[in-house]
1. Report whether or not Leu71 is modelled with pLDDT of 90 or more, within 24 Å of the chain's Cα centre (by Cα) and buried (at least 19 other Cβ atoms within 10 Å of the Cβ).
2. Name the single residue that is nearest to the chain's Cα centre (by Cα) among those in the range 34-45 being assigned to a strand (DSSP E or B) and surrounded by 20 or more Cβ atoms within 10 Å (Cβ to Cβ).
3. Being crowded, with 21+ Cβ neighbours inside 10 Å and within 24 Å of Thr18 (Cβ to Cβ) is the filter here, so list the residues in the range 142-157 that pass it.
4. Where in the range 46-143 are there strands (runs of 3 or more DSSP E), lying wholly inside it, with at least 2 residues that are under 27 Å from Asn5 (Cα atoms) and outside the structural domain of Leu11 (by TED's automatic domain parsing)?
5. Residue by residue through the range 4-21, note down the ones that are in a loop (DSSP other than H, G, I, E, B) and either of a type in the set (S, T, N, Q) or in contact with a His (Cβ under 6 Å, 6 or more places away or on another chain) (or both).
6. Among the residues of the range 86-116, what is the count of those that are surrounded by fewer than 21 Cβ atoms within 10 Å (Cβ to Cβ) and either of a type outside the set (A, V, I, L, M, F, W, C) or within 17 Å of Ser151 (Cα to Cα) (or both)?
7. So Gly63 clears everything in (1) modelled with pLDDT of 90 or more; (2) touching a helix residue (DSSP H, G or I) at 6+ places or on another chain (Cβ under 8 Å); (3) buried (at least 16 other Cβ atoms within 10 Å of the Cβ); (4) not aliphatic (A, V, I, L, M) except one condition, right? Which one?
8. Filtering the range 106-117 down to residues that are touching a helix residue (DSSP H, G or I) at 6+ places or on another chain (Cβ under 7 Å) and in contact (Cβ under 8 Å) with a residue 24 or more places away in the chain, which residue is nearest to Val74 (Cα to Cα)?
Amino acid sequence: MALINPDTLNLDERVIQTNKVQKTHKGGRTMSWSILVVVGDGAGYVGAGIGKARAIPDAIRKGVEAAKKNLVHVPLVGTTIPHDVLVRQGGAEVLLKPASPGTGIVAGGSTRAMLEAAGVKDVLAKSLGSSNKVNTAWATMAALRRLKRASDVARLRGKDVNTLVSRSVAAATLAAEQEDAAHGIASVVADQTEQARPTAEAATPTSAEPAGGNGSDMAQSAVSRIPADTHNIEPPSVHPDNEPGRAANIPDNSAEANQDRPDTEVSA
(Lines give C-alpha, C1' and ligand atoms only; values in the text may rest on other atoms or scores of the structure.)
Protein backbone atom coordinates (compact mmCIF):
# COMPACT_ATOMS: atom_id res chain seq x y z
CA MET A 1 0.00 0.00 0.00
CA ALA A 2 1.17 3.47 -0.91
CA LEU A 3 2.38 5.62 1.96
CA ILE A 4 0.26 8.64 2.92
CA ASN A 5 2.00 11.90 3.75
CA PRO A 6 0.07 13.56 6.62
CA ASP A 7 1.74 16.93 5.97
CA THR A 8 -0.30 17.36 2.78
CA LEU A 9 -3.64 16.86 4.59
CA ASN A 10 -5.69 19.19 6.76
CA LEU A 11 -6.28 16.80 9.66
CA ASP A 12 -8.58 17.44 12.59
CA GLU A 13 -7.86 15.85 15.97
CA ARG A 14 -10.41 14.32 18.31
CA VAL A 15 -9.89 12.60 21.67
CA ILE A 16 -11.99 9.44 21.99
CA GLN A 17 -10.95 7.99 25.34
CA THR A 18 -8.86 9.12 28.30
CA ASN A 19 -7.53 6.46 30.65
CA LYS A 20 -5.82 7.29 33.93
CA VAL A 21 -3.17 4.78 35.04
CA GLN A 22 -1.62 4.63 38.52
CA LYS A 23 1.35 2.48 39.45
CA THR A 24 2.06 1.80 43.13
CA HIS A 25 5.66 1.26 44.21
CA LYS A 26 7.73 1.60 47.37
CA GLY A 27 7.97 5.38 47.24
CA GLY A 28 4.31 5.99 46.49
CA ARG A 29 2.16 6.13 43.37
CA THR A 30 3.08 7.24 39.86
CA MET A 31 0.26 8.53 37.66
CA SER A 32 0.24 8.48 33.85
CA TRP A 33 -2.30 8.88 31.05
CA SER A 34 -3.26 6.72 28.05
CA ILE A 35 -5.31 8.62 25.45
CA LEU A 36 -6.97 7.33 22.26
CA VAL A 37 -6.93 9.95 19.47
CA VAL A 38 -8.58 9.96 16.02
CA VAL A 39 -7.47 12.23 13.16
CA GLY A 40 -9.16 12.80 9.81
CA ASP A 41 -9.59 15.33 7.02
CA GLY A 42 -13.27 14.66 6.34
CA ALA A 43 -12.50 13.71 2.73
CA GLY A 44 -11.55 10.04 2.94
CA TYR A 45 -8.51 9.93 5.23
CA VAL A 46 -8.68 8.77 8.85
CA GLY A 47 -6.32 7.31 11.44
CA ALA A 48 -6.27 6.31 15.12
CA GLY A 49 -3.49 6.09 17.68
CA ILE A 50 -2.75 5.82 21.40
CA GLY A 51 -0.41 8.13 23.31
CA LYS A 52 1.00 7.50 26.79
CA ALA A 53 2.75 10.06 29.01
CA ARG A 54 2.83 11.52 32.52
CA ALA A 55 1.02 14.68 31.35
CA ILE A 56 -2.17 14.88 29.30
CA PRO A 57 -0.82 17.28 26.60
CA ASP A 58 2.17 15.01 25.98
CA ALA A 59 -0.09 11.96 25.75
CA ILE A 60 -2.36 13.73 23.23
CA ARG A 61 0.64 14.79 21.14
CA LYS A 62 1.97 11.23 21.05
CA GLY A 63 -1.48 9.92 20.18
CA VAL A 64 -1.76 12.35 17.26
CA GLU A 65 1.68 11.29 15.98
CA ALA A 66 0.69 7.62 16.20
CA ALA A 67 -2.61 8.29 14.43
CA LYS A 68 -0.85 10.07 11.56
CA LYS A 69 1.31 6.98 11.05
CA ASN A 70 -1.81 4.78 10.78
CA LEU A 71 -3.69 6.79 8.15
CA VAL A 72 -5.93 4.88 5.73
CA HIS A 73 -7.83 6.05 2.66
CA VAL A 74 -11.56 5.26 2.63
CA PRO A 75 -12.86 4.83 -0.96
CA LEU A 76 -16.10 6.79 -0.69
CA VAL A 77 -18.91 6.38 -3.22
CA GLY A 78 -20.85 9.60 -2.92
CA THR A 79 -21.61 9.98 0.78
CA THR A 80 -21.40 6.31 1.77
CA ILE A 81 -19.10 3.26 1.57
CA PRO A 82 -18.99 0.96 -1.48
CA HIS A 83 -20.09 -2.35 0.11
CA ASP A 84 -20.77 -4.27 3.33
CA VAL A 85 -17.87 -5.35 5.51
CA LEU A 86 -17.65 -7.39 8.72
CA VAL A 87 -14.40 -7.46 10.73
CA ARG A 88 -13.47 -9.04 14.05
CA GLN A 89 -10.52 -7.56 15.94
CA GLY A 90 -9.80 -9.06 19.34
CA GLY A 91 -13.09 -9.14 21.23
CA ALA A 92 -14.70 -6.43 19.06
CA GLU A 93 -16.71 -7.13 15.92
CA VAL A 94 -17.86 -4.30 13.67
CA LEU A 95 -20.36 -4.44 10.78
CA LEU A 96 -20.54 -1.59 8.25
CA LYS A 97 -23.23 -1.26 5.57
CA PRO A 98 -23.79 1.43 2.93
CA ALA A 99 -26.89 3.60 3.30
CA SER A 100 -28.97 5.81 1.02
CA PRO A 101 -28.48 9.60 1.06
CA GLY A 102 -30.11 11.27 4.03
CA THR A 103 -29.73 8.31 6.39
CA GLY A 104 -26.87 9.79 8.37
CA ILE A 105 -24.33 7.91 10.50
CA VAL A 106 -26.12 5.22 12.48
CA ALA A 107 -23.28 4.29 14.84
CA GLY A 108 -21.91 5.09 18.26
CA GLY A 109 -18.72 5.20 20.27
CA SER A 110 -15.36 5.21 18.55
CA THR A 111 -16.89 3.84 15.33
CA ARG A 112 -19.02 6.95 14.89
CA ALA A 113 -16.07 9.26 15.60
CA MET A 114 -13.91 7.52 13.01
CA LEU A 115 -16.62 7.53 10.33
CA GLU A 116 -17.22 11.24 10.91
CA ALA A 117 -13.48 11.96 10.69
CA ALA A 118 -13.28 9.98 7.42
CA GLY A 119 -16.05 12.05 5.83
CA VAL A 120 -18.71 9.33 5.61
CA LYS A 121 -22.18 10.92 5.73
CA ASP A 122 -24.54 7.94 5.33
CA VAL A 123 -23.71 4.52 6.79
CA LEU A 124 -25.19 1.81 8.99
CA ALA A 125 -22.85 0.40 11.65
CA LYS A 126 -23.28 -2.21 14.35
CA SER A 127 -20.95 -3.35 17.14
CA LEU A 128 -21.50 -7.09 17.67
CA GLY A 129 -18.77 -7.83 20.21
CA SER A 130 -16.92 -6.05 22.96
CA SER A 131 -17.82 -2.44 23.74
CA ASN A 132 -14.21 -1.54 24.53
CA LYS A 133 -13.47 1.67 22.65
CA VAL A 134 -9.88 0.76 21.81
CA ASN A 135 -10.74 -2.64 20.32
CA THR A 136 -13.72 -1.14 18.50
CA ALA A 137 -11.48 1.55 17.00
CA TRP A 138 -8.99 -1.06 15.73
CA ALA A 139 -11.84 -3.15 14.30
CA THR A 140 -13.23 -0.09 12.52
CA MET A 141 -9.79 0.68 11.08
CA ALA A 142 -9.49 -2.88 9.78
CA ALA A 143 -12.96 -2.65 8.23
CA LEU A 144 -12.13 0.61 6.45
CA ARG A 145 -8.91 -0.92 5.07
CA ARG A 146 -10.89 -3.71 3.40
CA LEU A 147 -13.17 -1.38 1.45
CA LYS A 148 -12.66 -1.35 -2.33
CA ARG A 149 -14.56 0.30 -5.13
CA ALA A 150 -16.09 -1.78 -7.91
CA SER A 151 -13.62 -0.26 -10.37
CA ASP A 152 -10.67 -1.40 -8.22
CA VAL A 153 -12.01 -4.97 -8.09
CA ALA A 154 -12.63 -4.93 -11.85
CA ARG A 155 -9.10 -3.66 -12.47
CA LEU A 156 -7.60 -6.43 -10.33
CA ARG A 157 -9.67 -9.09 -12.12
CA GLY A 158 -9.03 -7.64 -15.58
CA LYS A 159 -12.72 -7.07 -16.34
CA ASP A 160 -15.04 -4.22 -17.20
CA VAL A 161 -16.75 -2.63 -14.23
CA ASN A 162 -20.12 -2.79 -16.03
CA THR A 163 -19.95 -6.60 -16.01
CA LEU A 164 -19.61 -6.72 -12.22
CA VAL A 165 -22.15 -4.15 -11.01
CA SER A 166 -25.15 -2.29 -12.33
CA ARG A 167 -24.85 0.81 -14.47
CA SER A 168 -25.93 3.10 -11.65
CA VAL A 169 -23.25 1.74 -9.31
CA ALA A 170 -20.63 1.93 -12.07
CA ALA A 171 -21.58 5.56 -12.77
CA ALA A 172 -21.37 6.43 -9.06
CA THR A 173 -17.97 4.73 -8.83
CA LEU A 174 -16.69 6.65 -11.86
CA ALA A 175 -17.92 9.93 -10.38
CA ALA A 176 -16.17 9.15 -7.08
CA GLU A 177 -12.90 8.41 -8.89
CA GLN A 178 -13.14 11.66 -10.84
CA GLU A 179 -13.72 13.55 -7.60
CA ASP A 180 -10.67 11.91 -6.03
CA ALA A 181 -8.60 12.75 -9.09
CA ALA A 182 -9.68 16.38 -8.80
CA HIS A 183 -8.35 16.41 -5.23
CA GLY A 184 -5.10 14.69 -6.25
CA ILE A 185 -5.99 11.29 -4.76
CA ALA A 186 -4.79 8.33 -6.84
CA SER A 187 -6.19 4.85 -6.62
CA VAL A 188 -4.10 2.56 -4.44
CA VAL A 189 -4.79 -0.41 -6.70
CA ALA A 190 -3.71 1.58 -9.76
CA ASP A 191 -0.46 2.52 -8.00
CA GLN A 192 0.23 -1.13 -7.17
CA THR A 193 -0.46 -2.14 -10.80
CA GLU A 194 1.91 0.50 -12.18
CA GLN A 195 4.63 -0.53 -9.70
CA ALA A 196 4.31 -4.18 -10.70
CA ARG A 197 4.59 -3.46 -14.43
CA PRO A 198 8.35 -2.67 -14.62
CA THR A 199 9.13 -5.84 -12.67
CA ALA A 200 7.11 -7.98 -15.06
CA GLU A 201 8.69 -6.33 -18.12
CA ALA A 202 12.18 -6.88 -16.73
CA ALA A 203 11.43 -10.57 -16.13
CA THR A 204 10.20 -11.08 -19.75
CA PRO A 205 13.02 -12.13 -22.18
CA THR A 206 13.58 -9.61 -24.96
CA SER A 207 15.06 -12.01 -27.54
CA ALA A 208 14.69 -15.60 -28.64
CA GLU A 209 18.37 -16.52 -28.20
CA PRO A 210 19.14 -19.79 -26.37
CA ALA A 211 20.23 -19.73 -22.77
CA GLY A 212 23.82 -20.38 -23.73
CA GLY A 213 24.02 -17.43 -26.10
CA ASN A 214 25.94 -17.27 -29.42
CA GLY A 215 28.99 -19.54 -29.71
CA SER A 216 31.19 -16.95 -31.44
CA ASP A 217 30.37 -14.36 -28.79
CA MET A 218 31.28 -16.83 -26.04
CA ALA A 219 34.59 -17.68 -27.70
CA GLN A 220 35.43 -14.03 -28.21
CA SER A 221 34.62 -13.25 -24.59
CA ALA A 222 36.76 -16.19 -23.44
CA VAL A 223 39.73 -14.96 -25.50
CA SER A 224 39.32 -11.46 -24.15
CA ARG A 225 39.62 -12.78 -20.61
CA ILE A 226 43.10 -14.29 -21.29
CA PRO A 227 45.85 -12.04 -19.84
CA ALA A 228 48.01 -10.28 -22.40
CA ASP A 229 51.25 -11.48 -20.74
CA THR A 230 50.51 -15.14 -21.47
CA HIS A 231 51.16 -14.70 -25.21
CA ASN A 232 54.83 -13.78 -24.57
CA ILE A 233 55.73 -16.73 -22.32
CA GLU A 234 58.88 -18.59 -23.54
CA PRO A 235 59.15 -22.41 -23.30
CA PRO A 236 61.42 -23.77 -20.55
CA SER A 237 65.07 -24.28 -21.57
CA VAL A 238 66.68 -27.76 -21.41
CA HIS A 239 70.26 -28.15 -20.15
CA PRO A 240 72.56 -29.78 -22.78
CA ASP A 241 73.86 -32.35 -20.30
CA ASN A 242 70.40 -33.68 -19.63
CA GLU A 243 68.99 -36.37 -21.81
CA PRO A 244 65.96 -35.52 -23.92
CA GLY A 245 62.72 -36.16 -22.15
CA ARG A 246 64.39 -36.42 -18.71
CA ALA A 247 63.89 -33.81 -15.98
CA ALA A 248 67.02 -32.17 -14.63
CA ASN A 249 66.30 -32.96 -11.00
CA ILE A 250 65.50 -36.69 -11.40
CA PRO A 251 68.44 -38.89 -10.24
CA ASP A 252 69.97 -41.35 -12.75
CA ASN A 253 69.48 -44.95 -11.57
CA SER A 254 70.99 -46.67 -14.66
CA ALA A 255 73.60 -49.48 -14.43
CA GLU A 256 76.45 -47.34 -15.81
CA ALA A 257 75.92 -44.72 -13.18
CA ASN A 258 75.95 -47.33 -10.40
CA GLN A 259 79.28 -48.99 -11.40
CA ASP A 260 81.43 -46.45 -9.56
CA ARG A 261 79.09 -46.34 -6.56
CA PRO A 262 80.50 -48.20 -3.50
CA ASP A 263 78.59 -51.18 -2.20
CA THR A 264 76.53 -50.57 0.86
CA GLU A 265 77.39 -52.79 3.78
CA VAL A 266 74.50 -54.15 5.70
CA SER A 267 75.14 -54.69 9.37
CA ALA A 268 73.94 -57.95 10.79
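1. On the way: modelled with pLDDT of 90 or more: yes; within 24 Å of the chain's Cα centre (by Cα): yes; buried (at least 19 other Cβ atoms within 10 Å of the Cβ): yes.
So Leu71 passes the test.
2. Step one: filter the range 34-45 for residues assigned to a strand (DSSP E or B), giving 34-40, 45.
Right, trim to surrounded by 20 or more Cβ atoms within 10 Å (Cβ to Cβ) and you get 35-40, 45.
Numbers: Ile35: 29, Leu36: 26, Val37: 25, Val38: 24, Val39: 23, Gly40: 23, Tyr45: 20 Å.
In this case the residue turns out to be Tyr45.
3. The answer is Leu144, and nothing else.
4. Working: elements: 85-89, 92-98, 123-127.
Counting at least 2 such residues, we get 85-89.
5. Residues of the range 4-21 in a loop (DSSP other than H, G, I, E, B): 4-5, 9-11.
Scanning the range 4-21 gives Asn5, Asn10.
6. So in the range 86-116, the residues surrounded by fewer than 21 Cβ atoms within 10 Å (Cβ to Cβ) come out as 86-91, 93, 95, 97-106, 108-109, 112, 116.
Okay, now just the ones that are also either of a type outside the set (A, V, I, L, M, F, W, C) or within 17 Å of Ser151 (Cα to Cα) (or both), so 88-91, 93, 97-98, 100-104, 108-109, 112, 116.
Residues that pass the stated criteria total 16.
7. Of the numbered conditions (1) modelled with pLDDT of 90 or more; (2) touching a helix residue (DSSP H, G or I) at 6+ places or on another chain (Cβ under 8 Å); (3) buried (at least 16 other Cβ atoms within 10 Å of the Cβ); (4) not aliphatic (A, V, I, L, M), the odd one out for Gly63 is (2).
8. Taking the range 106-117 first, the residues touching a helix residue (DSSP H, G or I) at 6+ places or on another chain (Cβ under 7 Å) are 107, 109-111, 114.
Narrowing further to those that are in contact (Cβ under 8 Å) with a residue 24 or more places away in the chain: 109-111, 114.
Values: Gly109: 19, Ser110: 16, Thr111: 14, Met114: 11 Å.
Among those that are touching a helix residue (DSSP H, G or I) at 6+ places or on another chain (Cβ under 7 Å) and in contact (Cβ under 8 Å) with a residue 24 or more places away in the chain, it is Met114.
The values are calculated or read from the model by the stated rules, or taken from the named source; none is laboratory data. Since this is a predicted model, take the numbers as computed values, not measurements. Please note: Cβ atoms are built from the backbone with ideal geometry, for glycine as well, and neighbour counts cover all protein chains shown.
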